[in-house]
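Worksheet: the structure to be examined is printed underneath.
The values are calculated or read from the model by the stated rules, or taken from the named source; none is laboratory data. Values in this document were obtained by computation on a predicted structure and should not be read as measured data. Positions of Cβ are backbone-derived with ideal geometry, glycine not excepted, and every protein chain shown enters the neighbour counts. Just the protein is used for accessible areas: all its heavy atoms, side chains included, with ligands, DNA and RNA removed. Shrake-Rupley method; radii C 1.70, N 1.55, O 1.52, S 1.80 Å.
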Amino acid sequence: MPAPTPAPTPTVLSARVASIAPTVFSEMSALAVRTGALNLGQGFPDVDGPPSVVAAAVAALEGGANQYSPGIGVPALRQAIARHQQRHYGLELDPDTEVVVTTGCTEAIAAALLGLVDPGDEVVVLEPYYDSYVAMLTMCGAVRRPVTLRAPHFRLDPDELRAAVTPRTRLVLLNSPHNPTGTVLTREELQAVADVAIEHDLVVVTDEVYEHLVFDDALSAEGHVPIATLPGMRERTLTLSSAGKSYSFTGWKVGWATGPAHLVQAVMAAKTWLTFTSGAPLQPAVAHALDHEPDWPAALAATLQERRDLLCAGLEAAGLTPRVPEGTYFATTDVSHLGWADGRAFCLALPEVAGVVAIPTQGFYDDAEAGRNLVRWAFCKEPEVIGEAVRRLAAADLAR
Ligand code: GLN
């Protein structure tokens, strides 16, 4: 008897999304829940942000901030964002035309790309890239031109950047502090990007959600430098950020885009048809955070630096030499010496081998070889959790 032919699986996905890999973050968090492993995968803190900000959200909920907010964002938050950019970076913004509130930075990325990129346009993007960049570039029909930050130091090579630009380049999509590598671009690296952008008249869209999570022993004594502050860049740069990372409210999904009015309008033009407006009661609460808890992110960065050191020392002791990050809450290790097929195979086995979850970053590369054996570990977790995780790693036999 011939084997029965399996029924064809109906294809329900549009071609638009079918080619986009499912997000590894949700996959790995589900793996942690299923196995009970310690989750050093998806980057979310296990302690919430300032209580005064939660109280401001409760007051807004109870005070009737429950209907649509203006599409561009409530004035109090736009003004607070403008003050924030002024206070930290000396950037002067008109809160009525140069700031738009979005549903997390993820929506800001989506709206910026949908608002600025046509099918066939090329976008120069740092690789490894955060996965939503690829998803949105794919949905826009854009062609990505990666510039690879290569292990072990993950620095930007200005020659590679120049080589990635063609007459079809529409914009440069930047991310600093950079997820997943933890690289904070230096002023010199940023100047190289600025030189290329000015020479070719390109827009720069820069995701700076980790702007405050920079460590004081970073390569650059200056810490995080927004590229919009470089000469000639303010008028061509759209800067994206959010409250999620700076204030440990990743679930609130309040982000923003700032820059010259014509670029903010492009974001607004797309955002209107994505979410129309963002969560009304959370916006005054984030305004409260920016205005009344201005030192909270720096205090968070100081505790994260200790956790980074705890994690990195523990990884080293477990035979997983880390690249010590200058910013973000992620450290990367190369696992090629352990004999697994790749970083993904290692991460899929890790809950059973050691009771820990981490993120394989090879999916964030077009250059599969450059990322094949790289694994990202999050340290935005309580010290006890990090301590226990590295104890488990040291005790386990991590080799295939
Ligand atoms: N930004 C978070 C990280 O890099 C994950 C967000 C998500 O799950 N999409 O871990």
For the chain, the percent of accessible surface on carbon and sulfur atoms (probe 1.4 angstrom, ligands and nucleic acids excluded) is 57
Sorting H88, S52, N39 by the position of each Cα along the dipole of the range 1-139 (Lys, Arg +1; Asp, Glu -1; all at Cβ), the one nearest the positive end of that ordering is N39
Those GluC sites (Glu not before Pro) from the range 89-136 that are DSSP loop and have at most 15 other Cβ neighbours within 10 Å turn out to be E92
Counting every C-alpha pair in the range 1-122, the percent lying more than 22 Å apart is 65
Between R155 and S52, the two model label points (7 Å from Cα along the beta-carbon direction) sit apart by a distance in nm of 4.1
Of the residues G232, T206, L274, the Cα lying farthest along the dipole of the chain towards its positive end, which is defined by charges on the beta carbon of Lys, Arg, Asp and Glu, belongs to L274
Taking a straight Cα-to-Cα line shorter than 18 Å from K271, and setting aside same-chain lysines fewer than 8 residues away, one finds K253
Non-local residues with an amide H under 5 Å from the amide H of L174, with H modelled 1.01 Å from N and Pro and chain starts lacking one, are V205, T206, D207
Computed on Cα atoms, the radius of gyration and Dmax of the chain in angstrom are 21.2, 77
Pseudo-spin-label distance T303 to E352, built 7 Å along Cα→Cβ, given in nm, is 3.6
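Classify the range 18-59 from the C-alpha gyration tensor, please: rounded if a/c falls under 1.5, else prolate or oblate depending on whether a/b exceeds b/c.
Here the range 18-59 falls in the oblate category.
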accessible surface per residue for the range 287-379, probe 1.4 Å, DNA/RNA/ligands not counted, whole Å² -> 35
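Find the accessible area per residue for the range 1-142; the probe is 1.4 Å, ligands and nucleic acids are left out, and the unit is Å². Can you show the working numbers first?
On the way: 7010 Å² over 142 residues.
Normalised by residue count, the accessible surface of the range 1-142 is 49 Å².
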Judged on accessible area alone, 1.4 Å probe, highest first, R391, R376, R400, R323 line up as R400, R391, R323, R376
Given all pairs of distinct Cα atoms, the range 271-400 yields a Kirkwood Rh in Å of 16.7
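Only sites in a loop by DSSP and with at most 14 other Cβ atoms within 10 Å count here; which GluC sites (Glu not before Pro) in the range 202-273 make the cut?
For GluC sites (Glu not before Pro) across the range 202-273 that sit outside H, G, I, E and B with at most 14 neighbouring Cβ atoms in 10 Å, the list reads E222.
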Bounding extents of the range 215-306 in its principal axis frame from Cα atoms, largest first in Å, are 42, 36, 20
For the range 165-232, the per residue accessible area (1.4 Å probe, Å²) is 33
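Can you give the Kirkwood hydrodynamic radius for the range 53-202, in Å, rounded to one decimal and based on Cα pairs?
Answer for the range 53-202: a Kirkwood hydrodynamic radius of 17.6 Å.
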Here the percent of antiparallel bridges among DSSP beta bridges lying wholly in the chain, to the nearest 5, is 45
Per the C-alpha gyration tensor (a ≥ b ≥ c, the square roots of its eigenvalues), the range 186-230 is rounded if a/c is under 1.5, else prolate if a/b beats b/c, else oblate; here it's oblate
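Let me make sure I get this right: for the range 148-201, a, b and c are the square roots of the gyration tensor eigenvalues over alpha carbons, sorted descending. Under 1.5 in a/c it's rounded, otherwise prolate if a/b > b/c, else oblate. Which is it? Present the calculation step by step, with values, prior to reporting the outcome.
On the way: a/c = 1.94, a/b = 1.76, b/c = 1.10.
Prolate.
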The answer for the net charge of residues other than T106 whose Cβ lies under 15 angstrom from its Cβ, with Lys and Arg +1 and Asp and Glu -1, is -1
